[in-house]
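The values are calculated or read from the model by the stated rules, or taken from the named source; none is laboratory data. Computed from a predicted model, the values in this text were never measured in an experiment. Quick reminder, even Gly has a Cβ in these numbers, built from the backbone with ideal geometry, and neighbours come from all protein chains shown. Ligands, DNA and RNA are excluded from the accessible area calculation, which covers all protein heavy atoms including side chains. Shrake-Rupley method; radii C 1.70, N 1.55, O 1.52, S 1.80 Å.
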Amino acid sequence: MLVFAVVYGYAMASFNIRAFTLTQDLTENQYLGRIFGIWFIALDGFQPIGSFGFGFLTDITQNATLTVIGLTLVAGLFGFHRFFSGSIKS
């Protein structure tokens, strides 16, 4: 479980750093506060939806919840990597 937490933390940090940098590069300075305000409101708004969904997942999978979440995370990261590794050339 600790390994999945480390992988998840690394993935979230990597994504957020890239996403915030790209947003700052593509947005005019006068709109940055508005863009990030909307972004954070949207992210905070989706948190209860995830809690609601994972509540039902926990009821269904019971003791295997962390395994299901971990395998889903690894599959998502693998798919994300495969999708973007071919489209980004340095």
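Would you be so kind as to identify which of PHE36, SER14, ILE60 lies farthest towards the positive end of the dipole of the chain, taking Lys and Arg as +1 and Asp and Glu as -1 on Cβ and the Cα centre as origin?
Positive-most Cα among the choices belongs to SER14.
Residue separation times 0.36 nm, minus the C-alpha to C-alpha distance between PHE54 and LEU26: what's the value?
Fully extending the segment from PHE54 to LEU26 adds 6.6 nm.
With a 1.4 Å probe and every protein chain left in place, work out the accessible area per residue of the chain in Å², rounded to a whole number.
Per-residue value: 85 Å².
Please give the charge dipole size of the chain, origin at the Cα centre, charges +1 on K and R Cβ atoms and -1 on D and E Cβ atoms. Round to the nearest 20 debye.
Using only the charged Cβ atoms, the result is roughly 260 debye.
In the chain, what percent of the accessible surface is made up of carbon and sulfur (1.4 Å probe, ligands and nucleic acids excluded)?
The computed percentage sits at 70.
Give the label of the value calculated from the structure for Kirkwood radius over Cα pairs in Å, choosing from (i) 13.0; (ii) 13.5; (iii) 15.7.
Read-out taken from this structure: (iii).
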